[in-house]
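Everything on this sheet refers to the single structure shown next.
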Amino acid sequence: DSVLTIEQANALGKLYASNAYTTGKYYVTGTITEVYNTQYGNMYITDGEGHTFCIYGTYSADGKTRYDKLTTKPVLGDTVTIYGIVGQYNGTSQIKNGWITEHTPCEHVLVEVKNVAAGCTNNGYIVRECSICKLYSETETIDALGHTTEEGICERCGEEISNDPGESKVLATFDFGANGSATHV
């Protein structure tokens, strides 16, 4: 049992043929940058220096509970230590069916990174991103404001607004009989 950096784990995985793995288990730590299968817990982790590593299947620390059944699932921005066999599949180094031995949730401190004002007919939005992990974000939608007018011109955007509901048009009239059949009138 040994601790590997992500860079070392990638190098070790490349030593094996596709779908071949070490017999010994290793610890690898990183921050989750993507969870691409929420049933099995397939994810990518990074070390912050640009090195990324694949985890193909994630389980509890005792190896008994699969990712989708975990009470507290590691998510984007969390830091995890995974314990498992290292190898590669189709050229991608990975830990296969790793056990989460440590899980530190990101404390997500959200700061505003984008603000698009709502208009009369279009929604606006505010995007807030975690200043710690830079991976997690939330988007708040701001409903369209609607036109404001008394004189036929929107006071907010200057668009000409008609208060005339328009002429009603009857396209066809049908009479529905007791048996549910329709007769054109």
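Scanning the stretch 67-80 for residues that are open to solvent by 50 Å² or more (accessible area, probe 1.4 Å) and either of a type in the set (D, E, K, R) or in contact with a Phe, Trp or Tyr (Cβ under 7 Å, 6 or more places away or on another chain) (or both) gives LYS69, LYS73, LEU76. Any residue in the stretch 81-102 that is within 25 Å of the chain's Cα centre (by Cα), modelled with pLDDT of 95 or more, open to solvent by 10 Å² or more (accessible area, probe 1.4 Å) and under 18 Å from TYR136 (Cβ atoms)? The answer is no; no qualifying residue exists. Annotation note: Cβ proximity below 7 Å between a residue of the stretch 79-93 that is over 10 Å from CYS54 (Cβ atoms) and a residue that is of a type outside the set (Ser, Thr, Tyr) and not in a strand (DSSP E or B) (sequence gap 6+ or interchain) occurs for VAL80/PRO74; VAL86/ALA9; VAL86/LEU12; VAL86/GLY13; GLY87/GLY13.
Restricting the first member to the stretch 9-24 and to residues that are farther than 17 Å from HIS51 by Cα and in contact (Cβ under 8 Å) with a residue 24 or more places away in the chain, and the second to residues that are surrounded by fewer than 12 Cβ atoms within 10 Å (Cβ to Cβ) and of a type outside the set (Ser, Thr, Tyr), the beta-carbon pairs closer than 9 Å and six or more apart or on different chains are SER18/ASN90; SER18/GLY91; ASN19/ASN90; GLY24/ASP1. For the subset of the stretch 32-45 comprising residues that are touching a helix residue (DSSP H, G or I) at 6+ places or on another chain (Cβ under 7 Å) and polar (S, T, N, Q), which member is surrounded by the fewest Cβ atoms within 10 Å (Cβ to Cβ)? Per the criteria, the residue is GLN39.
Pull up the stretch 48-60, narrow it to residues that are open to solvent by 40 Å² or more (accessible area, probe 1.4 Å) and modelled with pLDDT of 95 or more, then point me to the one that is nearest to SER137 (Cα to Cα). For the stretch 48-60, the residue satisfying everything is THR52.
Would you please name the residue that is nearest to GLY158 (Cα to Cα), looking only at residues in the stretch 104-116 that are modelled with pLDDT of 95 or more and either charged (D, E, K, R) or in contact with a Leu (Cβ under 9 Å, 6 or more places away or on another chain) (or both)? Applying the filter and picking the extreme gives LYS114. Going through (1) in contact (Cβ under 8 Å) with a residue 60 or more places away in the chain; (2) open to solvent by 50 Å² or more (accessible area, probe 1.4 Å); (3) more than 25 Å from the chain's Cα centre (by Cα) one by one, LYS64 falls short only on (1).
For LEU145, state whether it is open to solvent by 50 Å² or more (accessible area, probe 1.4 Å) and out of contact with any Cys (no Cβ under 6 Å at 6 or more places or on another chain). Spelling it out, it is not the case that LEU145 is open to solvent by 50 Å² or more (accessible area, probe 1.4 Å) and out of contact with any Cys (no Cβ under 6 Å at 6 or more places or on another chain).
Taking the criterion of being closer than 15 Å to VAL75 by Cα and hydroxyl-bearing (Ser, Thr, Tyr), the residues of the stretch 102-139 that qualify are THR104, TYR136, SER137.
The values are calculated or read from the model by the stated rules, or taken from the named source; none is laboratory data. A quick note: this is a predicted structure, and the numbers were derived from the prediction, not measured. Positions of Cβ are backbone-derived with ideal geometry, glycine not excepted, and every protein chain shown enters the neighbour counts. What goes into the accessible areas is simple: the full protein's heavy atoms, side chains included, and nothing from ligands, DNA or RNA. Shrake-Rupley method; radii C 1.70, N 1.55, O 1.52, S 1.80 Å.
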